[in-house]
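Before any comments, here is the structure.
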Amino acid sequence: MLEVRGVSKNFGGVKAVNNASFSVEDRQIHGLIGPNGAGKTTMINLISGLLSVSNGEIEVDGQPIHTLAAETRAKMGVGRTFQNLRLFHNLSVRRNIEVAEIQVKKQVNIDAGLVEDAIDRFGLRGALDQSPGSLPYGQMRRLEIVRALALRPKVLMLDEPAAGMNPEETDALFENLTWLRQRHPCSIILIEHDLKFIMSACDMLTVMNMGSVLASGLPREVTKNKEVIDAYLGQSQQTPQEEN
Amino acid sequence: MTLRLNINQRKGLVGSTLLSLLILAIVGAYYLWGESYQARILYATFVNLLVVVGLQVFMGNAKITSFSHSAFMGIAAYVAAICVTPAAMKAISLPDAPWGLNAFELSPLVSVLLALSITGILGLLTGLFMARLTGVGVTIVSIAILVIVHSIFLHRTDIFKGNQAFFGIPKIFDLPHITILAIAAIFIARLFRESAFGLQLRACADDEIGARAMGVDVYRTRLIAWVIGTLFFATAGIAYAFFLGTISARPFYFNFVFLTVAMLILGGLRSVSGAVIGTLLITIGLEVVRWLETGPDLGIIKMPQMLGLSGLLLGVVIVAVMTFLPNGIMGNREIEEIFKKDPG
Amino acid sequence: MDYVIQQVLNALSFGAEYALIALGLAIVFSIMGLVNFAHGEVIAFGGYSMIVVATLLTGNPWVLMIMVLAACVLIATVLERVAFRTVRGADLTTGLLTAFGVSIILQNLFLLLGSPRPMAATQFIFLDKTLTIGAIRVSSLQIYETVATVVAIIILLTFLRRTTLGIAMRAAALDFEMVRLCGIRANRVIAGAFAMSGLLAGLACIFIMARRGSVSPHMGFDPVLTAFVACVIGGFGSLPGAVLGGFLLGICEVAVQVLLPQSYGGLAQAVVFALVALILIWRPDGILSPAQEKGDKI
Amino acid sequence: MLQIESLKVFHGLIEAVHGIDIKISKGQCVCLLGPNGAGKTSTLSSITGTARATGSVRLDGNDIMALSIEERCKRGIAISPEGRRIFSNLSIQDNMIMGGAIRRDKTRLAQEIEEWISHFPVLGERRNQPAGTLSGGEQQMLAIVRALLSKPRILLLDEPSLGLAPQITARVFEIIRDLKKQEMTILLVEQNVAAAMEVSDYVYVLNNGAISSHGDVGKFGDGSDLMDELMGVHR
């Protein structure tokens, strides 16, 4: 379970994230939505440790992690994917996954079959010896998810996993996330612009805008929130005298 | 997933064996048909091979350009030479040496171990900083190391003789020794490349942030590779001193750095096989060019003497490889995958 | 007093030379991310062209100076066209190694076509006279060097601030593509940067020759190595940083020579490089720019 | 004025836009809507020439696909790009000069710069300070002014409201409305659906690199129908 408490991040004078709090239970898929530039990816960078928090605390299973290095957090079970893919292009697909797998090799009670199952489930079996660069885009996205899964994450953060996927692939991804939730106990954070996907996949939603958390709660409730709709779709800029 | 690291390591063993057979074939050919002066060329080639393979360990896997290898080679060469040269000889060659450096002598084995440990410790100390830097920073600090060490060699003529020859080093190594060392280097470098450290290092080279997010301790992996590389250079330096019998500061500077870097990038810095192939190709090429440089009589035309031709071609090779073949001859492939399409 | 002024002047003139060369490196680096190690050979090329012109045409030093400047501008732009255009946009290592390759090629060409030994070129030596101002004796060359560098830097800054191409060059250092989106031709900006670095190299060449009275294939290598260091100190690609770094290094070098006992003179370079290594470790992006967190965006 | 036919845009090996057609007439404001990753910015990049693309893009009937980025700018395409990309270390004045770099009538350019500055006093107050010191909204205005100073025939605006507070967004859209009144041809990419719909004449909705629907702005009513589509209902 993940707990984010009062986290802020300043870049120079700009508050990219401002006093944000939310928590994600185990086996829960938690959507993080909001317009472009709302601070969603910064939030994931803060949790994964690629950025350090200016203020606030982040805990995984009750253990504070916000002072640890990114690689330490990864080994502890904070896994993520990237909006702009960050695969290792000179390593084969299998070796891409191994890079993550060797981090947890020494741990006891490891779910040894998880990665092999995921490889089948995410349709990577036939591509294991290829270079990631030669794969179709959707498959590259799936490889990033499987690679993050190889860390046996307690928290798995997916940054726009469906971006660039076709509708069939998006549907398959939805099924796979449902499968994953049963197969491996972890908290999942999902950033996604595809609201339909978010609404069907997520148990909880957090909406961010301009670095702050606007609302957090069940998807149905959150999307009815007027403030959220305005943030997401934009307020009407129309001034009365200019009505056409 | 049951990790099948073994497969890669087994492939590594196959590849190293193939490369070793290549080395043995060359040595065998020399013993069957070669002329005695060629032993020197062959020995020098294998010393270069040690260095280039050592470069592959850090520069190749981490894809960070570093130019300090000559310095570490020089340090090890001098330490080994000072230790192993008989005191009587040192009284002549290093008459003014301080701290009784010219009043003791050690067995070859102890000298080697001492040279390796001193260079290794220096490698570790520099590595603590090098592993933290990125990009141009590493290159610059590596140049700084090279310049500093070279200045010290030149400055402390009482210990290092500067650009003059430090002579009288017993000739301890010969072709068989360096052949064994070269083969060992190939195996070690290849197994390192296929090890967990090598894999993580290569992942960092492709995408450092992605690697950190996958739990790779970038600092530690780079440090380990740096120190291992240093030990390769040290071995090469010791082998150099133990064969030639005289050393001076001159060869441990930029020219040798460029030569070895050209070898590595021609072969392809991501692959150990590339390092080996690049070394062999450039050595052969340079031998031909050096022969041309002396102005040989080709029967019909008498070639003029052309100093600088070898250097010129070395430069052309570097520029041409960078322009037309940035991944080198081997790219990502190792020798056992030579018929495979290069994925990189 | 005499001694102090002499040392200050030493520091300034060393610094001026480094600043000139470092600026040349920084202009090219800031715009196309190329660490141009062949810059030293541009300087040497200027020297060799001068010998050719002096032998074939005229010994008039003022004409020769202009020829040196022209030759350096020419070779710099030619190098850009034939060697560096193909690696434009490639990663740093590729560019760096290409530049090293070019540097080796040129050095050996000088070796082949010229001579491995220094060749006498005394035409500019007249710049180096001992002046007596009151009780103080100083070298005229050092004064020329300092003044010329300051003037060159002022002209350069004016160019960069006042002309469209100059502004475009500064803009290109920040966001090259956006400059192209403003309709300014990429080739023009890059060629301009190389030409300017050539001009600065030419100026440095004149002073180096005036001091040495000779040219040799490797004459540019050591100064560029030091200038490279100056760039690093100031933060690579920052033009004010390059100037600052150059002068700092000049001061540093003189300070080391003054402070260290005479017998350690040979270690001056080592000490300077050690300082640089420390600065880089303390502040990887140079003393002018503190390290920044970038997250997953690079 | 601008005609795009069977345009495919690539990011490396990945095809981000799969053969779309877009038409913009003179003086029209056309809006490109769609979720993140739909290919909106890629489409703009193919028009400016910064992305690899196939198909045809014609400006006044002339195919510009083979032209360089610089040449396209000279033909009259200007962009206020995503993330604004002002030259942050350069002064505000210099940013504007860059915008008009291709102009030959430098005296007129200088006048126009003065006019813009009187229009946006904040740009004038700090004209010699680095543009990076401006606030996000001011930077956005500078980016638009920079694009306009090249006297473009068509103006591309990529998410001009990105990361701006509501009042500032309103201000930005006021500028767009003004431009429309002056008959500037505009291709607008926006996430702020409501605001974008108000200034636009014609709307294209992009989803997964394909156009899922298009039509006069009236066709979409108050935009509430669009919501589902934009938020990811496929087809």
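The values are calculated or read from the model by the stated rules, or taken from the named source; none is laboratory data. Predicted model, so just to flag it, every value in this text is computed and none were measured. So basically every Cβ, Gly included, is an ideal-geometry build from the backbone, and we count neighbours across all protein chains shown. Note: areas computed on protein heavy atoms with side chains; ligands, DNA, RNA excluded. Shrake-Rupley method; radii C 1.70, N 1.55, O 1.52, S 1.80 Å.
Key figures
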| item | result |
| --- | --- |
| Residues satisfying the stated conditions in the range A:122-180, i.e. more than 16 Å from A:ILE97 (Cβ to Cβ) and part of a loop (DSSP other than H, G, I, E, B) | A:PRO136, A:LYS154, A:GLU160, A:PRO161, A:ALA162, A:ALA163, A:GLY164, A:MET165, A:ASN166 |
| Flag for D:GLY76 being open to solvent by less than 10 Å² (accessible area, probe 1.4 Å), in contact with a Cys (Cβ under 7 Å, 6 or more places away or on another chain) and under 19 Å from D:MET184 (Cα atoms) | no |
| Options C:GLU17, C:GLU41; residue that is closer than 23 Å to B:THR65 by Cα and either in contact (Cβ under 8 Å) with a residue 40 or more places away in the chain or of a type in the set (Gly, Ala, Ser) (or both) | C:GLU41 |
| Of the criteria (1) over 18 Å from B:TYR240 (Cβ atoms); (2) modelled with pLDDT of 85 or more; (3) buried (at least 20 other Cβ atoms within 10 Å of the Cβ); (4) over 17 Å from the mean Cα position of the chain (by Cα), which one B:TYR31 fails | (3) |
| Close pairs (8 angstrom Cβ cut-off, 6 or more residues apart or separate chains): closer than 14 Å to C:MET178 by Cβ and within 11 Å of another protein chain (Cβ to nearest Cβ) in the range D:36-48, assigned to a helix (DSSP H, G or I) and not hydrophobic (A, V, I, L, M, F, W, C) anywhere | D:THR48/D:ARG72 |
| Condition check for B:LEU312: within 24 Å of the chain's Cα centre (by Cα), at pLDDT 70 or above, closer than 20 Å to B:ASN48 by Cα and of a type outside the set (Ser, Thr, Tyr) | yes |
| Some residue of the range D:151-173 being in a helix (DSSP H, G or I) and modelled with pLDDT of 90 or more | yes |
| Test for B:ALA262: is it among the aliphatic types (A, V, I, L, M), open to solvent by less than 10 Å² (accessible area, probe 1.4 Å), in contact (Cβ under 8 Å) with a residue 24 or more places away in the chain and under 23 Å from B:ASN332 (Cα atoms) | yes |
| Failed item in (1) away from chain B (no Cβ under 14 Å); (2) in contact with a helix residue (DSSP H, G or I) (Cβ under 9 Å, 6 or more places away or on another chain), with C:ASN108 passing the rest | (1) |
| Counted residues, the range D:140-169 - those being out of contact with any strand residue (DSSP E or B) (no Cβ under 8 Å at 6 or more places or on another chain), in contact (Cβ under 8 Å) with a residue 60 or more places away in the chain and on the phi > 0 side of the Ramachandran plot | 1 |
| Subset of the range D:3-38 that is modelled with pLDDT under 90 and open to solvent by less than 10 Å² (accessible area, probe 1.4 Å) - its residue that is farthest from the chain's Cα centre (by Cα) | D:VAL17 |
| Of the criteria (1) within 16 Å of B:VAL79 (Cβ to Cβ); (2) open to solvent by 20 Å² or more (accessible area, probe 1.4 Å); (3) at pLDDT below 85, which one B:SER93 fails | (2) |
| Conditions (1) buried (at least 23 other Cβ atoms within 10 Å of the Cβ); (2) farther than 16 Å from A:SER23 by Cα; (3) hydrophobic (A, V, I, L, M, F, W, C); number of the one not met by A:MET43 | (2) |
| Residue in the range A:111-133 that is out of contact with any strand residue (DSSP E or B) (no Cβ under 6 Å at 6 or more places or on another chain), of a type in the set (Lys, Arg), facing another protein chain (nearest Cβ under 7 Å) and open to solvent by 10 Å² or more (accessible area, probe 1.4 Å) present | no |
| Flag if D:GLY76 is within 26 Å of A:ASN166 (Cα to Cα), touching a residue at least 24 places away in the same chain (Cβ under 8 Å) and in contact with a strand residue (DSSP E or B) (Cβ under 8 Å, 6 or more places away or on another chain) | no |
| Pairs, first part of a helix (DSSP H, G or I) in the range D:104-120, second modelled with pLDDT of 90 or more and of a type in the set (S, T, N, Q), C-beta under 8 Å, six or more apart | D:ILE113/D:GLN93 |
| From the options C:LEU106, C:LEU96, C:LEU127, residue that is within 21 Å of the chain's Cα centre (by Cα), more than 27 Å from C:THR58 (Cα to Cα) and in contact (Cβ under 8 Å) with a residue 60 or more places away in the chain | C:LEU96 |
| Filter result (within 9 Å of chain A (Cβ to nearest Cβ), touching a Gly at 6+ places or on another chain (Cβ under 9 Å) and either open to solvent by 20 Å² or more (accessible area, probe 1.4 Å) or among the polar types (S, T, N, Q) (or both)) within the range D:172-194 | D:GLN191, D:ASN192, D:ALA194 |
| Qualifying residue in the range A:80-89 (condition: more than 27 Å from B:LYS11 (Cβ to Cβ), more than 11 Å from chain B (Cβ to nearest Cβ) and within 21 Å of the chain's Cα centre (by Cα)) | yes |
| Residue among D:SER68, D:SER45 that alone is among the small types (Gly, Ala, Ser), surrounded by fewer than 22 Cβ atoms within 10 Å (Cβ to Cβ) and either within 23 Å of D:ASP201 (Cβ to Cβ) or modelled with pLDDT of 90 or more (or both) | D:SER68 |
| Residue list for the range B:205-226, restricted to those being buried (at least 24 other Cβ atoms within 10 Å of the Cβ), out of contact with any Phe, Trp or Tyr (no Cβ under 8 Å at 6 or more places or on another chain) and more than 9 Å from every other protein chain (Cβ to nearest Cβ) | none |
| Conditions (1) open to solvent by 30 Å² or more (accessible area, probe 1.4 Å); (2) under 19 Å from B:GLY54 (Cα atoms); number of the one not met by B:GLY229 | (1) |
| Filter result for the condition that a residue is more than 9 Å from every other protein chain (Cβ to nearest Cβ) and in contact with a Lys or Arg (Cβ under 6 Å, 6 or more places away or on another chain), over C:THR146, C:THR130, C:THR122, C:THR163 | C:THR130 |
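Listed here are the residues, each with its yes/no results for (1) part of a helix (DSSP H, G or I); (2) in contact (Cβ under 8 Å) with a residue 40 or more places away in the chain; (3) open to solvent by 30 Å² or more (accessible area, probe 1.4 Å).
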position: B:THR126; (1), (2), (3): yes, yes, yes
position: B:LEU133; (1), (2), (3): no, no, no
position: B:VAL138; (1), (2), (3): yes, yes, no
position: B:ILE145; (1), (2), (3): yes, yes, no
position: B:PHE153; (1), (2), (3): yes, yes, no
position: B:ASP158; (1), (2), (3): yes, yes, yes
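Residue-by-condition table, conditions (1) more than 25 Å from C:LEU92 (Cβ to Cβ); (2) at pLDDT 85 or above; (3) open to solvent by less than 40 Å² (accessible area, probe 1.4 Å); (4) aromatic (Phe, Trp, Tyr):
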site	(1), (2), (3), (4)
B:PHE243	yes, yes, yes, yes
B:THR246	yes, yes, no, no
B:THR279	no, yes, yes, no
B:ARG290	yes, no, no, no
B:GLU293	yes, no, yes, no
B:GLN305	yes, no, no, no
B:VAL316	no, yes, no, no
